[in-house]
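Engineer: Supplied in structure tokens, the structure appears directly below.
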Amino acid sequence: DTAVSQTPKYLVTQMGNDKSIKCEQNLGHDTMYWYKQDSKKFLKIMFSYNNKELIINETVPNRFSPKSPDKAHLNLHINSLELGDSAVYFCASSQAAGGPHEQFFGPGTRLTVL
Amino acid sequence: QKEVEQDPGPLSVPEGAIVSLNCTYSNSAFQYFMWYRQYSRKGPELLMYTYSSGNKEDGRFTAQVDKSSKYISLFIRDSQPSDSATYLCAMEFANAGKSTFGDGTTLTVKP
């Protein structure tokens with residue numbers, strides 16, 4: 001199936017640990033994103049990559065580091081996890097060809113930091 | 001003040017009701033106005049979008065943009081229990097490469 005996939009779906013970890021979330025899209029899109037959605041459903045953009053190049057880097061702690069090995073993959077590594085990092089992280093992709101950037105979201109990774 | 005304001009609800013209506021979901025925004029440079037629907041424990045998916053002012057209809061859904069008032073709405077006619085979800089408005093500048101999302105309104109349609 002064509003889609004945006006993320007692994008893992010659930011991540012439970014202790015404060016201070018380092019963890020990674022992986023994202024892959026097979027839609028042929030040029031642009032990929034990471035979003036954080038808190039418990040109140042607010043969806044906040046973190047990063048955006050276009051053809052492996054970082055184009056959007058919102059105010060995100062340095063502990064968060066995205067990596068795009070190719071335009072179909074965008075991974076997110078988080079160092080020294082904190083309680084406030086608990087949220088659902090969504091990967092998304094879009095094809096920037098004029099018009100609105102319809103974003104196709106993955107199923108989300110529910111991160112719980114204990 | 002947030003660029004996009006959306007009442008988080010929750011909103012609960014009986015089946016068959018007309019639902020009105022709204023967002024206001026502060027930046028008049030926004031060009032594209034979108035509505036996403038997010039079912040519980042799923043990612044958001046685009047429902048419909050409009051460009052500039054006016055109405056757009058798709059089945060039971062109508063999106064309305066009033067740029068003079070910086071106000072957008074999504075109307076759902078003959079609401080169904082399957083419409084129960086969180087609805088997020090989103091807006092973009094032309095060639096911005098990213099959307100600014102509202103907080104989302106959680107809707108429950110009761111049978």
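The values are calculated or read from the model by the stated rules, or taken from the named source; none is laboratory data. Small disclaimer: the values here were computed from a predicted structure and weren't measured. Methodologically, a virtual Cβ is constructed for each residue, glycine included, from the backbone with ideal geometry; neighbour enumeration extends over all protein chains shown. These accessible areas exclude ligands, DNA and RNA; they are computed on the full protein's heavy atoms, side chains included. Shrake-Rupley method; radii C 1.70, N 1.55, O 1.52, S 1.80 Å.
Engineer: For the protein assembly as shown, what value does the Rg/Rh ratio take when both radii are computed over Cα atoms and Rh is the Kirkwood radius, given to two decimals? Write down the numbers at each step before the final one.
Structural biologist: Working: Rg = 17.6 Å, Rh = 18.1 Å.
That ratio equals 0.97.
Engineer: Here are some pairs, A:LYS9/B:LYS98; A:LYS41/B:LYS110; A:LYS52/B:LYS56; A:LYS19/A:LYS71; B:LYS67/B:LYS110; which of them have Cα atoms lying more than 30 Å apart in this structure? Don't jump to the answer; show the numbers that get you there.
Structural biologist: Working: A:LYS9/B:LYS98 24 Å; A:LYS41/B:LYS110 21 Å; A:LYS52/B:LYS56 35 Å; A:LYS19/A:LYS71 22 Å; B:LYS67/B:LYS110 33 Å.
Among A:LYS9/B:LYS98; A:LYS41/B:LYS110; A:LYS52/B:LYS56; A:LYS19/A:LYS71; B:LYS67/B:LYS110, the Cα-Cα distance tops 30 Å for A:LYS52/B:LYS56; B:LYS67/B:LYS110.
Engineer: Using the basic label-point model (7 angstrom from Cα toward the beta carbon), what is the B:GLU3 to B:SER28 distance in nanometres?
Structural biologist: 1.7 nm
Engineer: Now for a separate question. If contacts are Cα pairs under 8 angstrom and at least 6 residues apart, what is the relative contact order of chain A in percent? Display every interim value, and only then the final one.
Structural biologist: Values: 285 pairs, mean separation 41.4, N = 114.
RCO, chain A: 36 percent.
Engineer: Something else now. Compute the semi-axes of the equivalent ellipsoid of the stretch A:4-113, taking the square root of 5 times each eigenvalue of the Cα gyration tensor, and list them largest first in whole Å.
Structural biologist: With the √(5λ) rule applied to the stretch A:4-113, the semi-axes are 23, 14, 13 Å.
Engineer: Output ³J(HN,Hα) for the stretch B:84-95: one whole-Hz value per residue in order, computed from phi by the Karplus curve 6.51 cos²θ - 1.76 cosθ + 1.60 with θ = phi - 60°, and x for Gly and Pro.
Structural biologist: Using θ = phi - 60°, the values come out as 4, 5, 9, 10, 10, 7, 8, 9, 9, 7, 4, 6 Hz.
Engineer: Suppose every K and R has +1 on its Cβ and every D and E has -1 on its Cβ; what is the size of the dipole of chain A about the Cα centre, in Debye to the nearest 20?
Structural biologist: Numbers: 12 positive and 11 negative charges, 54 e Å.
Here chain A has a charge dipole of around 260 debye.
Engineer: Got a sec? What order do A:ARG110, B:ARG37 fall in by accessible area at 1.4 Å, biggest, i.e. largest, first? Mind dumping the intermediate values first?
Structural biologist: On the way: A:ARG110 85, B:ARG37 40 Å².
Descending order: A:ARG110, B:ARG37.
Engineer: Quick one: in the stretch B:4-110, what % of C-alpha pairs are over 20 Å apart? Walk me through the intermediate numbers first.
Structural biologist: On the way: 1910 of 5671 pairs.
Beyond 20 Å sits 34 percent of the P(r) for the stretch B:4-110.
Engineer: With a probe of 1.4 Å, find how much accessible area the stretch B:4-110 has per residue, and write the answer as a whole number in Å².
Structural biologist: It amounts to 44 Å² per residue over the stretch B:4-110.
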